[in-house]
Amino acid sequence: MSDYAVLAARSIRLSRRNLDAVIVSLALPVLLMLVFVYFFGGAIESGTGTYVTYVAPGVLILCAGYGASMTATTVTGDMTTGIVDRFRSMDTKGTALLAGHVAASTVRNAAATAAVLAVAFAVGFRPRADVPQWLAAIGILLLYVVALSWLSAVAGLLATSPEAAGGFTFFVLFLPYPSSAFVPIDTMPGWLHGFAEHQPVTPVIESMRALLLDQPAGSAPWRALAWCAGLLALAVPACALLFRRRTR
Amino acid sequence: MDSTPAEGWAIEARGLRKRYGAVRVLDGLDLRVRPGSVCALLGPNGAGKTTAVRILTTLTAPDAGRARVAGHDVVTARSRVRRAVSLTGQYAALDEEQTGEENLRMMGRLRGLPRRQAARRAAELLERFGLTDAGRRRVVTYSGGMRRRLDIAAGLTRDPEVVFLDEPTTGLDPRSRRTMWEVVASLAESGVTVFLTTQYLEEADQLAHQVAVLDRGRLIAEGAPEELKRRVAARRLDLTLVDRHAYEAVHARVVGGALHASPGELLLSVPTDGSAAHVRALLDELDPARVEIARFTVQGATLDDVFLELTHE
């Protein structure tokens, strides 16, 4: 168990020292928040009152996905340098190394989430959630981050260079757009409804919005949990398998 | 090699084979290393040195053959082997954005040392490798030699029985190379078994009790450095031929291969002991009609010549 703690501390320290990553993972969410509210906000009428209140959970999701996908790059970085051989020659488990990256990703995202929330409050975000609702919303968001980070680790194990791993970021960054994160699904073309309604971002965003705005959440939190659990059940064993194959 | 040491061999490999696709990287490697000795695996690029090290340190599984390191089978008792050895590869396996001290503490913790002991061990190792002043700096600021020393230190957090060093001096300037040699010598004095790979005969000669020469996946010579040097000629005879036709004819008569052959310059080099009798005999043997060799000179053989002669056997 201590291997997990040591490698998590390592990954967090490395994240903190990678100045580019720190700037990107904090400044980008804040900028996105402002772009959505001030550039698009006037043009988009969502029906839930002020657009900032509608869009803030969407921006949180967008940033969470982006931050989590950086796990792919950090994992590929380790796999393509000698360090993975050193860890293996010390009998360190591959899952401990990968879990360290996921832990660092979660910490990075928690910081980014706090930054986005602070800015959102400053520009007029007024949620109506009580403490249990806040905890549930943040909990679902972090679970989504963890699931997506493991999925990114899979991508990182498949990629042959950090640059290639960066391509996964593009895919994840795009995922929230065909969902109800920024505009209601029924404003999208009909052929997109099927995908938009049955992809992980939609139940996550809907439960966060319902919890934060104190609206009926329906089955959304359960569907969100099911999606995250399903992704984890797929990604964690895939990581173990790919790590073994990659290092044979 | 003679009798089995009482405590068993530190490394014992029999018939190791490994192929990647159509390439036979190791083609039946047999090797035995005495505990507490320094063994150098000498060979050119692509000879299979790194693959041998990876198999012996359990990072790669052999296709065939058996190997025991520190008494444990590298396939069936992987974890035990990993606990008994340390590996320093060709590329520094360190986190550049952590300080030297943080790297060492992390390795100590992963080796199972409690926090405080890991910190103490890190300080000891920094001191031993002359890195105390640099310990608080990030590794990204280190020179190549410093990195290599830290890399070796990182393998020693938990007193391994066998230390594997894969080309420890490749890419280092001459001064850093000297320092590395001192590091290896001090490791040997401390009683651990050292297995290193190198492309340089001089290095094997300096450091090792036992040298194994690997070429295209097979051992072509093995023994103490003095024995190997005795087996190869100390000098070489450079021949300049009169024309291309003569060059081809003489080249065909060279027994066991030429040390150098450069058709463009019409130049052939063959090994000799440098004595008048041997040179005279060689000239007669290679040019019986006495018309094809235009000039000759006798040169002291370089280490490269020795190596080339061995790899031609």
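The values are calculated or read from the model by the stated rules, or taken from the named source; none is laboratory data. Since the model is a prediction, treat every value here as computed from it, not as a measurement. Here the Cβ positions follow ideal geometry from the backbone for every residue, glycine too, while neighbour counts run over all protein chains shown. These area figures cover heavy atoms from the full protein model, side chains too; ligands, DNA and RNA do not enter into them. Shrake-Rupley method; radii C 1.70, N 1.55, O 1.52, S 1.80 Å.
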- [ ] Taking the options B:Leu126, B:Leu110, B:Leu196, B:Leu187, name whichever one is within 14 Å of the chain's Cα centre (by Cα), of a type in the set (A, V, I, L, M) and under 25 Å from A:Asp85 (Cα atoms).
- [x] B:Leu196
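Kindly indicate the residue of segment A:47-72 that is of a type in the set (S, T, N, Q) and crowded, with 24+ Cβ neighbours inside 10 Å and also nearest to the other protein chains (Cβ to nearest Cβ) among those meeting that condition.
Result: A:Thr71.
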Task: Selection count where residues are under 15 Å from A:His101 (Cβ atoms), assigned to a helix (DSSP H, G or I) and open to solvent by 60 Å² or more (accessible area, probe 1.4 Å), scope segment A:12-41 - done: 1
Open item on the list: Could you list, ordered by first residue, the pairs with Cβ atoms under 7 Å in which the first is in segment B:80-105 and more than 7 Å from every other protein chain (Cβ to nearest Cβ) and assigned to a loop (DSSP other than H, G, I, E, B) and the second is open to solvent by 30 Å² or more (accessible area, probe 1.4 Å) and hydrophobic (A, V, I, L, M, F, W, C), at least 6 apart or interchain?
Closed with: B:Glu96/B:Val140
Task: Members of segment A:1-11 found to be surrounded by fewer than 16 Cβ atoms within 10 Å (Cβ to Cβ) and either within 8 Å of chain B (Cβ to nearest Cβ) or not in a helix (DSSP H, G or I) (or both), listed by number - done: A:Met1, A:Ser2
Task: A:Thr80 open to solvent by 40 Å² or more (accessible area, probe 1.4 Å), within 25 Å of A:Met188 (Cα to Cα), modelled with pLDDT under 90 and hydroxyl-bearing (Ser, Thr, Tyr) - done: no
Open item on the list: Here is a list: A:Ala104, A:Ala99. Which entry is touching a Ser or Thr at 6+ places or on another chain (Cβ under 8 Å), touching a residue at least 60 places away in the same chain (Cβ under 8 Å) and either crowded, with 24+ Cβ neighbours inside 10 Å or within 14 Å of chain B (Cβ to nearest Cβ) (or both)?
Closed with: A:Ala104
TODO: Give the residue that is surrounded by the most Cβ atoms within 10 Å (Cβ to Cβ), with candidates limited to residues of segment B:106-126 that are touching an Asp or Glu at 6+ places or on another chain (Cβ under 8 Å) and touching a residue at least 24 places away in the same chain (Cβ under 8 Å).
DONE: B:Ala122
